[in-house]
Amino acid sequence: VQVVESGGGLVQAGGSLRLSCAASGSTFSFNLMGWYRQAPGKQRELVAAIRSGGSTNYADSVKGRFTISRDITKNMVYLQMNSLKAEDTAVYYCKLTNLNTGSAYWGQGTQVTVSS
């Protein structure tokens, strides 16, 4: 399974970006799909996750500003990011997990830079 993120870039504070995560195969087998981020000098952290049943969870720092969604028919996962802040600057990664088998796949990451 190949996982490829896109949609990152440079944006001013207060702006929006939409990240996309494309999987080479069907995402139906992945019952947990998440977006993580890693800022320079910091550990990778969970930003948002969505389960096969549609339930979601978010890091406190992005609640109310970010929205995770998925389109099973297109094998895509999205992260809509609004009201971006300088502290959102990081490399964003998509992770697809099959909780039944324990297998997980990461993308290569996409850079998001928010200028203040």
Scope region 100-109; condition in contact (Cβ under 8 Å) with a residue 24 or more places away in the chain and either under 14 Å from A39 (Cβ atoms) or not polar (S, T, N, Q) (or both); matching residues:
Y105, W106, G107, G109
Going through (1) assigned to a strand (DSSP E or B); (2) open to solvent by 30 Å² or more (accessible area, probe 1.4 Å); (3) over 14 Å from G109 (Cβ atoms) one by one, V11 fails only at (2)
Kindly list the number of the only condition in (1) farther than 26 Å from A13 by Cα; (2) modelled with pLDDT of 95 or more that fails for L32.
(2)
Which one of T110, T97, T73, T89 is surrounded by 15 or more Cβ atoms within 10 Å (Cβ to Cβ), out of contact with any Ser or Thr (no Cβ under 7 Å at 6 or more places or on another chain) and not charged (D, E, K, R)?
T97
Can you say whether L79 is among the hydrophobic types (A, V, I, L, M, F, W, C), touching a strand residue (DSSP E or B) at 6+ places or on another chain (Cβ under 9 Å), on the phi < 0 side of the Ramachandran plot and open to solvent by 40 Å² or more (accessible area, probe 1.4 Å), as far as the supplied structure shows?
no
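The values are calculated or read from the model by the stated rules, or taken from the named source; none is laboratory data. This one's a predicted model, so the numbers in the text were calculated from it and none came from an experiment. When we count neighbours, we look across all protein chains shown, and the Cβ atoms used for this are built from the backbone with ideal geometry, even at glycine. Side chains included, ligands, DNA and RNA excluded: accessible areas come from the protein's heavy atoms. Shrake-Rupley method; radii C 1.70, N 1.55, O 1.52, S 1.80 Å.
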